[in-house]
Amino acid sequence: MSEQIDTAIRWGKECISACSESAGLDAELLLAHCLDKPRSYLYSWPEQRLSAASWKSYQELVHRRILPTPIAYLLGIREFYSLEFATTPAALVPRPETELLVDLALELISPDQPTRVCDLGTGTGIIAITLKTERPLAQVYATDVDPGCLLLARENAKRHNAEVEFIESDWYQQLPAGLEFDLIVSNPPYIAADHPFLKRGDLPAEPQIALTPGDSGLEALQIIVKQAPSYLACNGHLILEHGYDQQAPLAELLESRGFCEVSCASDHNGLPRTSMAKLVDKLNSGA
């Protein structure tokens, strides 16, 4: 005889607790997914017995969770900016911290006139698609070096009926010649390759290319900033997500490339997370 819903949740929570700080929530989400029901169903029918097939599927997902496998990969979806995005191991799991970058970008994109925007290293496409959804008049481009990410991003764009121009490119490399943007945004890899953080939690299961760019963690940010003046229009802006300890070197790099009005916003934990700068004089930037 299979388990009841309430006992299945307790079992799942106990199994997952060693690898997740949200073991109870994870257990509920996985069981609701197996039953194809909302979580509220679990609370309404705690003594309902699972079918043999549902119990087996749930056990398999719990065992995959404790490997660990990110919950977003197991469910195949993740919410970002109140939108649902398909998620696969091809791309980094969307983080709530990145909503800060979207907030800052939306302040710079007029809802009433066309603005040309580029999202570098788009991954699942969350930034580009959200910006296009919130600002329909914007002309949004998005690049990624990984064809698997672009396939996923295009699927998500179709899901939200968002017209985004996706380009397979190593940062700026394959962008059309002569194209200039009013706004460039990016959440690039920024964790140093030897940082112990990469071995914690679910991170070992996520694509390392999306997490670390090299020894210092600054490599991708350096490429993006150094080449940005060639692709930004005059008075264009650059917005970058970065590590909490990278604000100072990034600000110095931005200023060395002729950017002004450099500022940094903190995430919900109060950590410096997203920097923004303006390019007023392309001539003095070396572009």
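Since every read-out is calculated from the coordinates, none of them should be taken as a lab result. Remember, predicted model here, so these are calculated numbers, not experimental data. Here Cβ is always computed from backbone atoms with ideal geometry, including for glycine, and neighbour counts include all displayed protein chains.
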Check which residues have an amide H placed less than 5 Å from residue 233's amide H, if you skip close sequence neighbours. 181, 182
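Order these by the 10 Å Cβ neighbour count, fewest first: 280, 262, 164, 140. It would help to have the intermediate numbers written out before the result.
Working: 280 13, 262 17, 164 25, 140 30.
Lowest count first: 280, 262, 164, 140.
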Rounded to whole Hz, the Karplus (6.51, -1.76, 1.60) HN-Hα couplings of segment 2-7, x for glycine and proline: 7, 7, 7, 4, 5, 6
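For the chain, what is the calculated [θ] at 222 nm in deg cm²/dmol (nearest 500), taking -39500 (n - 2.57) for each run of four or more DSSP H residues and dividing by its residue count?
Result for the chain, helices only: -10500 deg cm²/dmol.
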Sorted by chain and number, the residues with a modelled amide H under 5 Å from that of residue 77, at a separation of 5 or more or across chains, are 87
Relative exposure of 144, 170, 194, judged by other C-beta atoms within 10 Å (fewest first): 194, 170, 144
Mind jotting down the distance between the C-alpha centroids of segment 221-287 and segment 104-130, whole Å? 16
Report the local net charge at residue 166: Lys and Arg +1, Asp and Glu -1, summed over other residues whose C-beta lies under 9 Å from its C-beta. -2
Set Lys and Arg Cβ to +1 and Asp and Glu Cβ to -1, take the dipole of the chain about its Cα centre, and tell me which of 193, 76, 210 lies farthest positive. 76
Quick one: putting +1 on the C-beta of Lys and Arg, -1 on the C-beta of Asp and Glu, what dipole do you get for the chain around its Cα centre, in Debye to the nearest 20? 560
Using only the alpha carbons of segment 5-67, determine the length spanned along each of the three principal axes and report them from longest to shortest in whole angstroms. 27, 21, 17
The relative contact order of the chain, taking Cα pairs under 8 Å that sit 6 or more residues apart, comes to a percentage of 13
